[in-house]
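Visitor: Below you'll find the structure I mean.
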Amino acid sequence: MISNLRGIRSIYGFEMARFGRTFWTSLMLPVITTTLYFVVFGSAIGSRMSSVSDVPYGAFIVPGLMMLTMFTESISNASFGIYMPKWTGTIYEMLSAPLSPLEMVIAYVGAAATKSVIIGTIIFATAHLFVDVEVAHPLFMVGFMLLMAVTFCLFGFIIGIWAQSFEQLQVIPLLVVYPLTFLGGAFYSLSMLPPAWQAVTLFNPVVYLISGFRWTFFGQGDVGIGVSMGAVAFFLTLCLCVIFWMFRTGYRLKN
């Protein structure tokens, strides 16, 4: 039950204020990165491959590019947000305050998801400088983006509790999330792969997330939209269960 709205607003406001202090840096980084991706993938590869499934290649990579950045931003913001109180020792004050675990998760994950959605929107706007992108299902697109931001912020929250050093905060995003995203059809369609590799790629969970988001843009994806939504719901539920277990046992929170 949520009863301490003031506590939620305080943590949320503190996290957003920290984001505001580095806003221009946070703004320029995705713009520059998006520009470089379009120069490399959109121009170099797009000049040789004009379209994918009747979609111009420049527009085809926009959903994957947005997901790639939102995955990393969500994990980074949420993990850093909860890790800092652990590192400074102020986590014990929050655990002893009249703030439930649910309220703490809502505050930290809500702030991280807000940042991630802002970055995703900036990338979407930047993409229009290079290609014309039409969204077939705008409401589904916004809903899917919010759902993905919350899900991966929960995943980042778990990493922030698990990590015992700043180096460990980077292990999962760099060694797991980034490779899975690049191999998950962010910049190509699975139909372009040999049949054997298509079967192997279906074991990559990121495939279902990117495919679902691409469906909201073009009305088509590598897997069915129902399967994609089911994969997101499963991952969201799994993250919530892990966080519940961490707070209940005090895993790396109370020692």
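Visitor: Between Thr126, Thr151, Thr181, which is buried (at least 18 other Cβ atoms within 10 Å of the Cβ), more than 13 Å from the chain's Cα centre (by Cα) and of a type in the set (Ser, Thr, Tyr)?
Guide: Working: Thr151 fails: more than 13 Å from the chain's Cα centre (by Cα); Thr181 fails: more than 13 Å from the chain's Cα centre (by Cα).
None of the other options fit; the residue is Thr126.
Visitor: Just the residues that are of a type in the set (A, V, I, L, M) and at pLDDT 85 or above, please, taken from the range 46-70. Walk me through it before giving the result.
Guide: Keep residues of the range 46-70 that are of a type in the set (A, V, I, L, M), which gives 49, 52, 55, 59, 61-62, 65-68, 70.
Correct list: Val55, Ala59, Ile61, Val62, Leu65, Met66, Met67, Leu68, Met70.
Visitor: With the structure loaded, tell me whether Ser116 is within 17 Å of Gly20 (Cα to Cα) and touching a Cys at 6+ places or on another chain (Cβ under 6 Å) or whether it fails that test.
Guide: Working: within 17 Å of Gly20 (Cα to Cα): yes; touching a Cys at 6+ places or on another chain (Cβ under 6 Å): no.
Spelling it out, it is not the case that Ser116 is within 17 Å of Gly20 (Cα to Cα) and touching a Cys at 6+ places or on another chain (Cβ under 6 Å).
Visitor: Could you please give the count of residues in the range 26-35 that are modelled with pLDDT of 80 or more and within 14 Å of Phe187 (Cα to Cα)?
Guide: Adding up the residues that qualify gives 0.
Visitor: Now a separate question. Looking for something surrounded by fewer than 22 Cβ atoms within 10 Å (Cβ to Cβ), touching a helix residue (DSSP H, G or I) at 6+ places or on another chain (Cβ under 7 Å), of a type in the set (A, V, I, L, M) and not in a helix (DSSP H, G or I) - is there at least one such residue anywhere in the range 134-147?
Guide: Step one: list which residues in the range 134-147 are surrounded by fewer than 22 Cβ atoms within 10 Å (Cβ to Cβ), which gives 134-143, 146-147.
So of that shortlist, the ones also touching a helix residue (DSSP H, G or I) at 6+ places or on another chain (Cβ under 7 Å) come out as 135-137, 140-141, 146-147.
If we keep only those that are of a type in the set (A, V, I, L, M) too, we end up with 135-136, 141, 146-147.
Pick out the ones that are also not in a helix (DSSP H, G or I) and you get 135-136.
Yes: one or more hits.
Visitor: Among the listed residues Ala112, Ala78, identify the single one that is in contact with a Phe, Trp or Tyr (Cβ under 6 Å, 6 or more places away or on another chain), in contact (Cβ under 8 Å) with a residue 12 or more places away in the chain, farther than 19 Å from Gly185 by Cβ and part of a helix (DSSP H, G or I).
Guide: Values: Ala112 fails: in contact with a Phe, Trp or Tyr (Cβ under 6 Å, 6 or more places away or on another chain).
From the options Ala112, Ala78, the qualifying one is Ala78.
Visitor: For the range 194-207, give me each residue that is assigned to a loop (DSSP other than H, G, I, E, B) and surrounded by 15 or more Cβ atoms within 10 Å (Cβ to Cβ).
Guide: If we filter the range 194-207 for residues that are assigned to a loop (DSSP other than H, G, I, E, B), which is where we start, we get 194, 202-204.
Selection gives Asn204 alone.
Visitor: Next question, about the same structure. Return the total of residues in the range 117-141 being under 22 Å from Val177 (Cα atoms) and out of contact with any Pro (no Cβ under 8 Å at 6 or more places or on another chain). Explain how you work it out, then say what you get.
Guide: Keep residues of the range 117-141 that are under 22 Å from Val177 (Cα atoms), which gives 117-124, 141.
Next cut, out of contact with any Pro (no Cβ under 8 Å at 6 or more places or on another chain) only: 117-118, 120-121, 124, 141.
Looking only at that region, the number is 6.
Residue by residue, here is whether (1) of a type in the set (Phe, Trp, Tyr); (2) within 15 Å of the chain's Cα centre (by Cα) holds:
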| residue | (1), (2) |
| --- | --- |
| Ile210 | no, yes |
| Arg214 | no, yes |
| Phe217 | yes, no |
| Gly221 | no, no |
| Phe234 | yes, no |
| Cys241 | no, no |
| Met246 | no, no |
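Yes or no, residue by residue, for (1) modelled with pLDDT of 90 or more; (2) outside any helix (DSSP H, G or I); (3) within 29 Å of Gly89 (Cβ to Cβ):
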residue: Gly160; (1), (2), (3): yes, no, yes
residue: Gln170; (1), (2), (3): no, no, yes
residue: Phe187; (1), (2), (3): no, yes, no
residue: Leu209; (1), (2), (3): yes, no, no
residue: Gly212; (1), (2), (3): yes, no, no
residue: Val223; (1), (2), (3): yes, yes, no
residue: Ala231; (1), (2), (3): yes, no, no
residue: Ile243; (1), (2), (3): yes, no, yes
residue: Arg248; (1), (2), (3): yes, no, yes
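The values are calculated or read from the model by the stated rules, or taken from the named source; none is laboratory data. Treat the numbers as computed from the prediction; the structure is a model and nothing was measured. For neighbour counting, all protein chains shown are included, and Cβ atoms are generated from backbone atoms with ideal geometry for every residue, glycine included.
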